[in-house]
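Participant: My structure is below; once you've seen it, I'll send some questions.
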Amino acid sequence: MAVAPHADLVTLVNPRSSVAEAYRTLRTNIQLSSLDGPIKSLLVTSAGADEGKSTTLANLAVTFAQAGTRTLLVDCDLRRPSLHTLFGSGNEVGLTSMLLAEGGPNAAVATAVEGLELLPSGPPPPNPLEILASQRFAALVERLRGGADLVLFDCPPALAVSDAAVLSRQVDAVLLVASAGKTKRDHAARVRQQLDRAGARVLGVVLANARVDASVYSYYG
């Protein structure tokens, strides 16, 4: 039985909306920023919890797939995974399962969007940071990169745990999501400093939950 798209997947639920168009604009900006250095893997994080990073990443993944990019969405938030909920899939098997069965079959599942696959987090491990910093995980990242045009990684908030700094060394670029009216300026600055120290290539900041000026997008109805 088909699962209806989650309401937060506005690029599927309401693709003609101004919000969906904003996600497509974000996709274009990422593509333009990679003209001199192709981006095949991208990490998205935020300063704190509930600032919109997972929703932003999921909608971004949809727009890339809709544009013909073979996209793999990976949930590396091993503490509070949410991508499987957004896409209505199970989480019994996923990233951690592949790490335990080194060289085993790919646990990614198809989504309702052609060209978009999801690799859920899988069973929660007792030591998430140690797993993400392991050589086995680094090898898995390379394996996943070889099976898609673009691999998008979701990870925990950067100020809560060190996962984002560790993962940023294994991807081509990083996006920081900030929530309008919630994310504190000094918190965002601290995350940027952390990522800079890790040697990450930070593409920029995405402002989520901002009030939309209807006049800007009136062309789209």
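Please treat every number below as a calculation from the coordinates, not as lab data. As the structure is a computational prediction, the values presented were derived from the model and not from experiment. A quick note on method: Cβ atoms are made from the backbone with ideal geometry, for glycine too, and the neighbour counts reach across all protein chains shown.
Participant: Which residues, counting only those in region 90-133, are closer than 19 Å to L150 by Cβ and surrounded by fewer than 17 Cβ atoms within 10 Å (Cβ to Cβ)?
Facilitator: Hits for region 90-133 are N106, V109, A110, A112, E114.
Participant: On to the next question. Looking at the structure I just gave you, is L35 more than 24 Å from A164 (Cα to Cα) and either touching a Cys at 6+ places or on another chain (Cβ under 8 Å) or surrounded by fewer than 12 Cβ atoms within 10 Å (Cβ to Cβ) (or both)?
Facilitator: Spelling it out, L35 is indeed more than 24 Å from A164 (Cα to Cα) and either touching a Cys at 6+ places or on another chain (Cβ under 8 Å) or surrounded by fewer than 12 Cβ atoms within 10 Å (Cβ to Cβ) (or both).
Participant: Please go through region 17-75 and pick out each residue that is of a type in the set (G, A, S) and not in a helix (DSSP H, G or I).
Facilitator: Answer for region 17-75, where residues must be of a type in the set (G, A, S) and not in a helix (DSSP H, G or I): S17, S34, G37, S41, S46, A47, G48, A49, G52, A67, G68.
Participant: Now, a different point. Testing A110 on (1) free of Cβ contacts under 8 Å to residues at least 12 places away in the same chain; (2) within 19 Å of A138 (Cα to Cα); (3) among the aliphatic types (A, V, I, L, M), one condition comes back false. Which one is that?
Facilitator: (2)
Participant: Looking at region 79-108, which of its residues are part of a helix (DSSP H, G or I) and in contact with a His (Cβ under 8 Å, 6 or more places away or on another chain)?
Facilitator: T85, L86, F87
Participant: For E51, indicate whether it is free of Cβ contacts under 8 Å to residues at least 24 places away in the same chain and under 23 Å from A165 (Cβ atoms).
Facilitator: In short, no.
Participant: Name the single residue that is farthest from A178 (Cα to Cα) among those in region 142-161 being surrounded by 16 or more Cβ atoms within 10 Å (Cβ to Cβ) and of a type in the set (G, A, S).
Facilitator: The residue in question is A148.
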